[in-house]
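Notes for the one structure printed next.
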Amino acid sequence: MTFEKLRTRHIPAMQAEVQEYEDPATGARHIHLATDDAEMVFLVGFPTVPDVSDGRAHILEHLALCGSDRYPVRDPFFAMSRRSIAHFMNAMTYADKTVYPFASTDKTDFFNLLDVYLDAAFFPRLDYLDFLQEGWRLALEDGKLSYQGIVFNEMKGAFADPVRALDSEIASRLLRGTTYAVESGGDPLDIPSLTHAALKAFHASHYHPSQAVFMTAGSVDPREVQTLIEERVLSRLSGRSPRLLPELASSWTAPEIAQLEVPVREHGVQIAWLMGEAVDPVAYYRAELLEAGLLSNAAAPLMRAMESAGYGRPSALNGTDAGGRQMVFHLGMEGLTKAQVGKARDRIWQALEQTSKDGVAPAVLQATLRDIRFHQREISGGSTPHLLKRLLRAMPHEMYGGDIMNAFDSEQVLEHLQQDIADPAFFKGLVQDLLDNATRLDATVAPDPDYFQKRKQVEEDRLAALQAAMPDSEKERIVREAAALLDRQRQAVNNDLLPRVRPQDVSVLPRPAFALPDETTGTTVARIASNGIAYARVLYDVSAMPEDMWAWLQLYVEVAPELGVADKSYEEADAWRHERVPFFDINLQVSQTQGERPLSIHVDYYAKGLREEQVAIADVLSASVAAPRFDELDRLAFLIDSKVQDMRDGLADEGDDYARYAVGAPLSPLRRFEDRVKGVSSLAFFRTLHEKLQSEQGLKEIAATLADLHGKIIASPALQFTAGEEADAHALAQLLQVPAEASAPATQPAAFANAPLANTALHAEAQVNHCFAVWPGPTLAHPDAAALSVLGELLTNVVLHQALREEGGAYGGNAFYSPATASFAMTSYRDPRLAATFEDFEKAVAWIVDAEPKQENIEEAIICVIQHLDRPHSPYGNVMWSWEQKQQGITDDMRRQYRQGILACTSERLKDVAKAWLADKPYSRAAFVGNTEQPLTGLEVTALAALAG
């Protein structure tokens, strides 16, 4: 055995053991987090430290998954995504590292994927045609030169985020001379400077066992993983070189001033300090305490100073950024006029100086340490597996030369900090250190309304100059390469070399749902293995509320957690909640039902914390439900104004969501609800609210409506929901004291009726499009639902992936049946095309009607659906998933029949459902379009900025 075990440590808070291994010959490291979880997680990571913004690390990540020595097929990553039952497969490029992770609950599947991933990472083919497809290429279309490429178009979409643009501009100055000063994903204006040779050289220098960090977690045997690593990798690659490290930025002798222009509507001020190294646990947790003391709630001194200014709002960047080798601390305000920038800067600085003298209440810092311990113990849910989150958070300690044990076990540092914060001088010293830190960028943020147009003009000018100077021989080469690429993209793919899981290998029965206790008393108590975390919710059924109140419901859940409670002002209430519990929020739980009632809508008051904090959880939840304050008019105006300004700044970045809601609204009650509360239809509502803020009477009307709405909410039927360890959940249920009406709703909302189909192009300035086509479909109980689910995966795998991504250059594109909305959809994401994409949607339907799909492709599509069905949940996530299924009216019998229909799907069934639901059937069309100069194929243009005001 090549790997040697160096250390182990038991981590009580995680119920896990960390095992550290190293290969002495190459220096390759393996960290294993041993737990009893059925989930098995793997990742391999490499330091990738580019010094240019040509996207080489990002494009290499894409190319590594396009075929390798042992698996010389065209697209093994996407092929395995449909030949495996893994519930997570991905690859991610960060500013200073690239990671290839997956997770599965099946041992055979896990080792199948491990074999493919190892070969992909260490022995990729890095084919030139893949470089043209995934990275960038020149294309001649109708005699005009253009750039194409998947990463090229992906990054055009990424640049729509104004926060990202601001962060990038700050990093280029504060962290100059380091890899963080360049755009690791690639700036579309720089990507065309990358050569294929430079990409291959980058792989050779960065992807070697001496640079690799292998990490595993769960019930997998680390020695079995090491055996395969030794056989597949270490037996072929030898030698040892110093580990590549991101450079450290230089300290400054004096602060610097800059003006940064980004795609926002208003001015801002942003101050950024260079802090200590992220893998120094003392420096890291001190930065966490500094952030919490200054910004954690509305009563925190810097948050109070910014929110009470009477102008602007706190910046979205504020706080500690620990994503690189060195941390950066941000303080700033946005939403300013040019004249307010200086006042805002002075206000921030004066608040810092005052805090260095006054300090903060010890309870704030105690709560912060409590929160850290809470997050160490909580088994989180979400799209990224819990154990993978743990590994990703720990990996920088290996990448930056830290102690990996500190990433999992910080109790000793926390105990020391517990003593430090008892001294009032400790926090004052943290603030004074910040004030004295000369490595500080003091930036004025200026709106650039022509941001996207300028970038577009630079690109067009470069292309025009290239074309003017381009000899015929070069044009002929471009045409030849385009033909070669298209020919290869359209070649039949033989994936026989790749392992796979077949439909007969999976269970015919769905996974058991959590058995919810009887709800007749209005209280549900769920006993789960929660690792010492207690959960409580109060859910009010407001399904009967009329549609004209939906947007008000959304406003209510967004502002109520930020307002005062009973006799506490909003600042006092926010500080009180933060001191009492690690988490409190109010949300809407909305689902489309299978029965006559179109929607199940619940207002969800939710708190969670350590099991020893049950009294605090109940207190916060009970008080927040009983007596929110709507009389703090200045606070209410600030919250609504901030919401509207964020919405206006995010039109391009949120464009895909606007189009998604708009296209489905005519066909689905759920999408109609989403469109009314956070889609295109919500823009006019929030614009009207913003206009009302201009008068005291208008503001009072808003407050009165919210107060009246609150009364109606707590008069609605309620369910108290608690979960935790054996005795905790019951005890917490006894502590809750909230208004609860047990009767059924007096009225039911009107049945949903389909509206005229959408045919719209939603426009805001950007560089890419997002396209959507949606057909009405059956509910989950219908016999055709299973075949439509398989059809969506088949069309994605066989038709749309090639047409939209490989040939069309979109970052993503797929088809899917949605049980949640009873619809069938086709979509594209960060797409350079528009008309051609909608044509490809039509061609996909025609293909299934006329073609004879291969049995292998059908079986792969079946496995894709099973992946989604069998994705594991956290213990608490499983409880809530069962509750959501019940709200939708989905029974165990429905789930069983649906799964069996999926596993029994045939080519004939696929054709039948395509003819019944899609072929020659009207459908709803919508797209977010970045510019209106392209052909819009009859779509009716709506300017989002005009609606938002």
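Structure notes:
- Verdict on Tyr876 being of a type outside the set (A, V, I, L, M, F, W, C), in contact with a helix residue (DSSP H, G or I) (Cβ under 6 Å, 6 or more places away or on another chain) and at negative phi: no
Residue-by-condition table, conditions (1) part of a loop (DSSP other than H, G, I, E, B); (2) modelled with pLDDT under 95:
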| position | (1), (2) |
| --- | --- |
| Gln720 | no, yes |
| Ser743 | yes, yes |
| Gln748 | yes, yes |
| Thr760 | no, no |
| Trp775 | no, no |
| Val790 | no, no |
| Gln802 | no, no |
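- The range 142-179 - residue that is among the aliphatic types (A, V, I, L, M) and outside any helix (DSSP H, G or I) and, of those, surrounded by the fewest Cβ atoms within 10 Å (Cβ to Cβ): Leu145
- The residues of the range 824-837 that are part of a helix (DSSP H, G or I) and either closer than 16 Å to Glu806 by Cα or at pLDDT below 95 (or both), listed by number, are Ala836, Thr837.
- Filtered residue count, the range 187-218, keeping only those that are touching an Asp or Glu at 6+ places or on another chain (Cβ under 6 Å) and farther than 22 Å from Tyr400 by Cα: 5
- Some residue of the range 395-408 being of a type in the set (Ser, Thr, Tyr), in a helix (DSSP H, G or I), within 26 Å of the chain's Cα centre (by Cα) and outside the structural domain of Gln867 (by TED's automatic domain parsing): no
- Reported count of residues in the range 572-596, each being touching a Gly at 6+ places or on another chain (Cβ under 8 Å), closer than 24 Å to Arg629 by Cβ and either modelled with pLDDT under 95 or among the acidic types (Asp, Glu) (or both), is 1.
- Residue match in the range 296-319 (condition: part of a helix (DSSP H, G or I) and among the aromatic types (Phe, Trp, Tyr)): no
- The lone exception for Val269 - which of (1) crowded, with 17+ Cβ neighbours inside 10 Å; (2) in a helix (DSSP H, G or I) it fails: (2)
- Selected residue (only one of Arg74, Arg82, Arg70, Arg56 is among the basic types (Lys, Arg), farther than 28 Å from Glu793 by Cβ and either in the same structural domain as Ala120 (by TED's automatic domain parsing) or free of Cβ contacts under 8 Å to residues at least 40 places away in the same chain (or both)): Arg56
- Arg137 being among the basic types (Lys, Arg), buried (at least 19 other Cβ atoms within 10 Å of the Cβ), farther than 30 Å from Met40 by Cβ and in contact with a helix residue (DSSP H, G or I) (Cβ under 8 Å, 6 or more places away or on another chain): yes
- Boolean, Arg895 is surrounded by 15 or more Cβ atoms within 10 Å (Cβ to Cβ), on the phi < 0 side of the Ramachandran plot and in contact with a helix residue (DSSP H, G or I) (Cβ under 7 Å, 6 or more places away or on another chain): no
- Within the range 450-464, the set of residues being under 29 Å from the mean Cα position of the chain (by Cα) and crowded, with 17+ Cβ neighbours inside 10 Å comprises Tyr451, Phe452, Arg455, Lys456.
- Hey, Val328 farther than 30 Å from Ile640 by Cβ and in contact with an Asp or Glu (Cβ under 6 Å, 6 or more places away or on another chain) or not: yes
- Given (1) under 24 Å from the mean Cα position of the chain (by Cα); (2) more than 25 Å from His208 (Cβ to Cβ); (3) buried (at least 19 other Cβ atoms within 10 Å of the Cβ); (4) among the aromatic types (Phe, Trp, Tyr), index of the condition Phe88 fails: (3)
- Taken together, the residues in the range 648-669 that are part of a helix (DSSP H, G or I) and farther than 19 Å from Asn759 by Cα amount to 2.
- Flag for Leu434 being part of a helix (DSSP H, G or I), touching a strand residue (DSSP E or B) at 6+ places or on another chain (Cβ under 9 Å), more than 30 Å from Ser146 (Cβ to Cβ) and modelled with pLDDT of 95 or more: yes
The values are calculated or read from the model by the stated rules, or taken from the named source; none is laboratory data. Quick caveat: nothing in here was measured; it's all calculated off a predicted structure. A quick note on method: Cβ atoms are made from the backbone with ideal geometry, for glycine too, and the neighbour counts reach across all protein chains shown.
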